[in-house]
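K.L.:
Here's a structure for you.
Only the coordinates and a few stated rules stand behind these numbers; no lab work does. Quick caveat, the model's predicted, so the values are computed rather than measured. Cβ placement follows ideal geometry from the backbone for every residue including glycine, while neighbour counts extend to all protein chains displayed.
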Amino acid sequence: MYGNPVAGAQVTFAVIDTPSNAVGHSLSTLTDTTDTSGTASTVLRLGLKVGPYSVRAIATGLPPVTFTASALPGTPHSSATSSTRTLGLVMQPVQPFVVTVYDTGGNVVPNIPVKFEAVQAPNGATGYGLSRTVDTTDAQGVASTTLQLGDKLGLYRVRATPGALPATDFTVEAQQLVANANLDVRVDVADLTAIIDHMLGVDSLRGPQFVAADMDSNGVVNVLDAIACRNYILSGSKVTISDTVLKAFPFVMLEADGEMIAATTGEPRSSAAGEKTTGSPSNALATLELTSKGVRVNLANDVPVKGVQVYLRLKRPVTALTNDVKFSRAKAMEVAVVADQYVVRAIAYNFENQPIDTGSGPIFRLPIAALDTSDIDSLSISISTGPNISTVIPDKQLTTEVKTYPTTFALYQNYPNPFNSTTTIMYDVPEIAGRVPRVAVQIFNIVGEKVRTIERSDRDAGTYFVTWNGRDENGAAVATGVYFYRLLSVDPEMRNHFATTKKMLLLK
């Protein structure tokens, strides 16, 4: 009690705590007797696991005392790696190469420099490289690097040397994603337009882009590859132009060239809805509009659009309606639509470098009945404005109201009538399967002479308004009297001729 050393007291030692799964730890003695200086001791041999080891000392009649020592990693003894052989796509990064360094006890060892070097590549390959050539193991004993593959198919090899330990080689076989002509690891409408641009000389595909576009591997990129790419997008699997029938489903569209295509089920090969790829245009937007005659695809764009792709999955089986319809904005486009019981795929493209001009309005209609947004399970719309530009529109971007469009041509009474200076004429244009009618509104005098044509244009289905200011073709005011106005429609192929006339009175 006075702080003087006590000799001859027995002290017991015991290891009371170790790291998980620790082995190899021990005490030099479990009991000791205090000497003339009052000291008893033991030596702790740390185990093979990193972490705290605790030893308790108990002297008779006294409270126990606890000692703690921490074991640090030892000298590097071995290393482990992630998979040493993998596959990748040309001009794309592959998953990181990971090296983990351990000591003899299997503890991870930090702060060990690991050297990475590319030691093999296909002959003539360019564009490949490592994200880092030296990395230091972190607290988990891990060092890593990422290999960007080059432009040639074949084997690439990376060697990792952790400190003084033996080196390990990682091998990657670079492959080409078929049809992925713009190398963005997605096959969509942008790849199709890239192939078409190459065919037309608008742009040029080289190296791995050319290899991906040459789907029949004949050394030439031509219309057959474009059609095979289109079929790939619509079916979700590699096909060629010779595959005239892929699979039979209850609803199959027959295209103008006589080729029958049906889609397989599955998720779209493009990215998840909402994702954007490099250069995605913020000034091109597509939406779906549910109507009584099918699902309209509407496009609003401030830049020319080379192609549009739609993937639509329904919660109930597809119900086929009338033939598909192209609207005037897309009259130069080829439109292909395929469907199975629950999935509809569509793509619009053009082989003559005639994109959809800037503007807004419908471009084509999917001939299916989906009368409520609750019928839609998932939706993806991709827009291509160039060979390397594609955007996926957010999921379920739909109008909530089911719209009904005119089913017949109609001409309504002008208003006001009689009129003094100007009057408004309203008319309806119906949806006509596969065609866009050309409409004219003409004014005639009482003796049947044409006074003026106030409207002449291609019109999609809808209700339209046009005004007449009481002047003739030369801008001269006409006299008071009775006039006739006529709605005339002839589609571009001179079918479905329609004409009707009504009377109006001009008073001054």
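K.L.:
Tell me, in nm to one decimal, what length is gained between F444 and A477 on full extension, where the rule is 0.36 nm per residue of separation less the Cα-Cα distance?
P.N.:
Gain in length upon complete extension: 10.5 nm.
K.L.:
Nearest 0.05, what FRET efficiency do S78 and Q10 give at R0 = 60 Å with Cβ-Cβ as r?
P.N.:
Details: r = 44 Å, r/R0 = 0.73.
Here the calculated transfer efficiency is 0.85.
K.L.:
Would you work out the relative contact order for the range 410-506, in percent, from Cα pairs under 8 angstrom that are 6 or more residues apart?
P.N.:
Values: 218 pairs, mean separation 31.2, N = 97.
For the range 410-506, the relative contact order is 32 percent.
K.L.:
What's the extension gain from F484 to R45 if we count 0.36 nm per residue and subtract their Cα-Cα distance?
P.N.:
Numbers: separation 439, 0.36 × 439 = 158.04 nm, distance 11.18 nm.
So the chain would gain 146.9 nm between F484 and R45.
K.L.:
What's the extension gain from T453 to I58 if we count 0.36 nm per residue and subtract their Cα-Cα distance? Could you put the intermediate results ahead of the total?
P.N.:
Numbers: separation 395, 0.36 × 395 = 142.20 nm, distance 11.27 nm.
Here the segment from T453 to I58 would lengthen by 130.9 nm.
K.L.:
Sorting check: for 203-212, 85-94, which peptide has the highest mean count of neighbouring beta carbons within 10 Å, and how do the rest follow? The partial results should precede the final answer.
P.N.:
Details: 203-212: 18.9, 85-94: 16.5.
Ranking, from highest mean packing down: 203-212, 85-94.
K.L.:
Now a separate question. So, with +1 on the Cβ of K and R and -1 on the Cβ of D and E, and no other charges, what is the size of the charge dipole of the range 78-175 about its Cα centre, to the nearest 20 debye? It would help to have the intermediate numbers written out before the result.
P.N.:
Numbers: 6 positive and 7 negative charges, 34 e Å.
Around 160 debye, computed over the range 78-175.
K.L.:
Evaluate E = 1/(1 + (r/R0)^6) for T500 and N218, where r is the Cβ-Cβ distance and R0 equals 51 Å; express this FRET efficiency to the nearest 0.05. Kindly include the intermediate steps, with their values, before the conclusion.
P.N.:
On the way: r = 56 Å, r/R0 = 1.11.
After rounding to 0.05, the efficiency reads 0.35.
K.L.:
Between N469 and Q354, take the C-beta separation as r, use R0 = 45 Å, and let me know the FRET efficiency to the nearest 0.05.
P.N.:
Numbers: r = 35 Å, r/R0 = 0.79.
That pair, N469 with Q354, gives E of 0.80.
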